[in-house]
Amino acid sequence: MSDRKDAPIRISEIFGPTIQGEGLLIGVPTVFVRTGGCDYRCSWCDTLHAVDSEYRDDWKPMSVNAIWQEVTRLSGGKPLTVSLSGGNPAIQPLGALIKKGHGEGYRFALETQGSIAKDWFADLDYLVLSPKPPSSSMQTDWAAFEACLDAAGQTPQIALKFVIFDDVDYDYAKAASSRYPHIPVYLQPGNHTPPPPDDDNAVVDIDGVMDRMLWLVDKVSADRWFDVRVLPQLHVLLWGNKRGV
């Protein structure tokens with residue numbers, strides 16, 4: 001699927017530089033461009049301010065140039081990794097932004113559930129596909145997921161990332177990853193009791209998250225699932241669910 005090149009991009013927030021808190025690029029200095037809108041509504045979503053239509057009036061339509069001006073201001077003009085997130089950023093016309101950033105030496109990572117394929121996936125440096133497990137109350141369309149892989153082709157580095165809350169989620173992740181044995185897999189414990197999106201205190205049950213992390217490590221070890229990486233959401237441990245970090 002292609003986009004209109006001059007179409008505005010709905011932005012929920014742009015922030016950084018900080019570190020990527022999860023998955024393939026955990027710990028990497030990053031500026032985040034979080035888009036507004038999503039075709040999913042996961043039961044445990046921790047970024048409702050970028051998902052729920054209740055907040056759509058807060059999403060600002062921005063041109064590529066306006067977004068890029070903010071990215072370069074935040075990064076001090078020094079190229080780094082730009083994370084395109086959401087919501088589902090695949091909804092937005094991001095191809096021209098990626099092209100502009102690449103021209104200045106920046107790298108681009110996108111995370112999506114794999115429900116919408118775009119031709120500009122092939123221009124990414126990193127593509128993290130995060131199909132949602134049963135605890136999300138969403139259903140995975142594997143044909144759409146395959147279309148995302150086809151759109152990406154051989155250019156970006158691709159990884160699978162699964163949020164795990166329970167045994168059912170774990171079994172889903174194992175079955176899903178077996179479909180794509182050539183793609184690296186990252187597992188992370190689900191985030192307990194996310195606060196409302198306007199709660200600046202962003203209180204999270206850290207003990208619960210770490211208990212789940214330990215359980216997940218034990219599961220992987222007992223199953224001899226050795227070609228997987230188990231990581232926490234580092235940003236949750238540092239800042240809870242606070243926006244803009």
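Pick from A50, A66, A109: which is hydrophobic (A, V, I, L, M, F, W, C), closer than 24 Å to P29 by Cβ and surrounded by fewer than 16 Cβ atoms within 10 Å (Cβ to Cβ)?
Numbers: A50 fails: surrounded by fewer than 16 Cβ atoms within 10 Å (Cβ to Cβ); A109 fails: surrounded by fewer than 16 Cβ atoms within 10 Å (Cβ to Cβ).
From the options A50, A66, A109, the qualifying one is A66.
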TODO: State all residues of segment 89-106 that are crowded, with 22+ Cβ neighbours inside 10 Å and closer than 13 Å to G37 by Cβ; if no residue qualifies, say none.
DONE: P89, A90, Q92, L94
Task: So A152, is it open to solvent by 10 Å² or more (accessible area, probe 1.4 Å), on the phi < 0 side of the Ramachandran plot and free of Cβ contacts under 8 Å to residues at least 60 places away in the same chain - done: no
Open item on the list: Cβ contacts < 6 Å: first residue closer than 22 Å to Y126 by Cβ, restricted to segment 32-55; second residue open to solvent by 30 Å² or more (accessible area, probe 1.4 Å) and part of a helix (DSSP H, G or I), any location; separation 6+ or different chain. Result?
Closed with: G37/I91
Task: All positions within segment 27-47 that are surrounded by fewer than 19 Cβ atoms within 10 Å (Cβ to Cβ) and closer than 17 Å to G240 by Cβ - done: W44
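Specify the residue that is nearest to W44 (Cα to Cα); the eligible residues are those in segment 151-171 that are in a loop (DSSP other than H, G, I, E, B) and touching a Gly at 6+ places or on another chain (Cβ under 9 Å).
Ranking the qualifying residues of segment 151-171, first place goes to F165.
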TODO: Just give me the residues in segment 1-18 being in contact with a Ser or Thr (Cβ under 7 Å, 6 or more places away or on another chain) and open to solvent by less than 50 Å² (accessible area, probe 1.4 Å), in sequence order.
DONE: I9, I11, S12, G16, T18
Open item on the list: Within segment 223-238, take every residue that is open to solvent by 70 Å² or more (accessible area, probe 1.4 Å) and hydrophobic (A, V, I, L, M, F, W, C) and give me the one that is modelled with the highest pLDDT.
Closed with: F226
Open item on the list: Any residue that is open to solvent by 10 Å² or more (accessible area, probe 1.4 Å) and closer than 20 Å to V31 by Cα - is there at least one of those in segment 130-149?
Closed with: no
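The values are calculated or read from the model by the stated rules, or taken from the named source; none is laboratory data. The structure presented is a predicted model; accordingly, all values stated were derived computationally and were not measured. Cβ sites come from the backbone with ideal geometry, for glycine too, and all protein chains shown count toward neighbours. When the accessible area is computed, the model is the full protein with side chains, heavy atoms only, and any ligands, DNA or RNA have been set aside. Shrake-Rupley method; radii C 1.70, N 1.55, O 1.52, S 1.80 Å.
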